[in-house]
1. State in Å² the accessible area per residue of chain A; use a 1.4 Å probe, count heavy atoms of protein chains only, and round to the nearest integer.
2. Taking the Cα centre of the stretch B:107-158 as origin, work out the dipole magnitude from +1 charges on Lys and Arg Cβ and -1 charges on Asp and Glu Cβ, in debye rounded to 20.
3. From the P(r) of the stretch B:112-159, could you give the percentage of C-alpha pairs in the tail past 17 Å?
4. How many partner chain Cβ atoms sit within 10 Å of a residue's Cβ in peptide A:190-196, on average, as a whole number?
5. 7 Å from Cα along Cα→Cβ at both residue A:197 and residue A:124: what's the point-to-point distance in nm?
6. Determine the order of B:97, A:70, A:13 by accessible area, beginning with the largest, at a probe radius of 1.4 Å.
7. Return one quarter of the surface area of the convex hull spanned by the alpha-carbon atoms of the stretch B:32-173, equal to its mean projected area, in nm².
8. Which value, in Å² rounded to 10, gives the accessible area of residue A:22 with a 1.4 Å probe and all protein chains present?
Amino acid sequence: MGVADGLRTHANKLMIGGAAVLLAGSVFALGTALTTDGTAAAEADADVLIGQLTETLETAEATLATEHAKLSDTISGADLQRVTEDIVRGRSVLLSLVEPAGSQRSLHDAQLLLDTRYEALTPTSRTLTEFLPTWYDATGTGQGNGAIYELTSFDVDVTQIAGLDYTYVGVARLDRVEDGNANRSEFVLLSFSTNADGDVTAIDAYRASSTTRDAFVAAFADDDQSTSADEPSN
Amino acid sequence: MASTQSEDTVPVSAPEDRRRRFVSAAPDAVVDEQIDTKDPVQTRRKRAIIITSAMGVVSLLCLVAAAGFAGGQGETSEETKAEIFALQEGIQLAEAKTEALPDTAHAERGLMAALASADMVAQLQNDYRSLTPSVAADGGALDEDAAMSTRRNLIPYFAQTEDPAVFTPWYLLASDANVPLGIGIPMSFDSGFEWIAQVPSTINDDGTISVVWLAVQKHSPEGVTPAVLAWARADYDIIRKTFANVEVGTTAMGNRLGQEVEG
């Protein structure tokens, strides 16, 4: 009797209170549904799709590489795997040519260092007697301004296959690290050769003229904005 | 009524009747009274029921709406969309290239054609060297009439989308201005440099052949490799049989020793 009486007495409060709790919960559920908009679920689905597409892409590219290698082997006996490795060697040569300036090493020390390191370079090599001084001047290292340049692109073509000796010509773009400013870019033409043992047997580096540098920077900037073919530059 | 009843006797039934009437009328009266006296309670109860019902209905609507909206606005970020698109494009490109890879016979024919074309272009650019004396004398101006036949011969080797600058001299050496014209034909001009085509025996995975031309000094000190004064690169399309994406540059030394050519 006591409980029943108690319930009866507070029945109104109980009803309204209970309904209010239910209403609050419903409004909260609605608010949550409206604001979180299921992004997490959609992203999870996207991740699965990306995983599948990535796998498909890898397969497609592997197929292309295999077919391409077969063709190359048939028509020229060119070992594409070796070409890939040689390009890595060329990149390393290029970096060791431009790095001393950035690390404030004196020109003379740099020349000695490179002469020792690469058999292909001798004290009379143009790369040491002309390219290095030009590079030091252009990058302002002489004035104690040893700027660091990073290699942002290295476009290499095979130019000759003579027996087991491969020769390449590549155009490298080096951007100054400090300001990341396009006005502080340099282009270097590098010709190099390798033998079957993976040794670099010839190294010829040339700094591109400032005129060419400016034209290339402008052309690449244009390419970024449109998809037109590269403009030739003089 | 018994007339024998005296007038003194008050009819006892009257109050009883009244009472009875009261009593008999009691249920209605009591109910009325109950409504009257307990009215506020009843009203509050009714009010509470109405409020509760209203809240219940609204709650139900909210829950239905919540269920309706949940998961219906799932959106992926822009980066995710871009990533998916890039992957799809990559797949299409790889498949298209594989499909378009030439067979051995076509590839070999293409290489031979590329070699022949590259050599022709080198020869034509070399023909321009004999114009250096006149260019130097005219302060950098190219004699259009003299250049006409070389230009015309160059045009078919390049894709139509190429910039017309591709058909002008790629590089001229200043010291060539002093070279005697000899008997006047380009081939006997003793220039200080020459264009040499480099055609590899490989083909790219998109069916093109990358060709490089180097403008190399003809004379250099003993034991020193001749310097590269300028270079040009292009992709040879074996189907269209033209060069595209031509890129020409001069080295720092080449620029120093070069003869400027206007437009």
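1. About 51 Å² of surface per residue is accessible.
2. That gives the stretch B:107-158 a dipole magnitude of about 180 debye.
3. It works out to 38 percent of all Cα pairs.
4. The mean count of partner-chain Cβ atoms within 10 Å per residue comes to 1.
5. It is 2.4 nm.
6. Solvent-accessible surface, decreasing: A:13, A:70, B:97.
7. The directionally averaged projection comes out at 22.0 nm².
8. So the heavy atoms of residue A:22 present about 90 Å² to solvent.
The values are calculated or read from the model by the stated rules, or taken from the named source; none is laboratory data. Note that the structure is predicted; figures quoted are calculated from it, not measured. Backbone-built Cβ (ideal geometry, glycine too); neighbour counts: all protein chains shown. Calculation scope for accessible area: heavy atoms of the full protein, side chains included, ligands and nucleic acids excluded. Shrake-Rupley method; radii C 1.70, N 1.55, O 1.52, S 1.80 Å.
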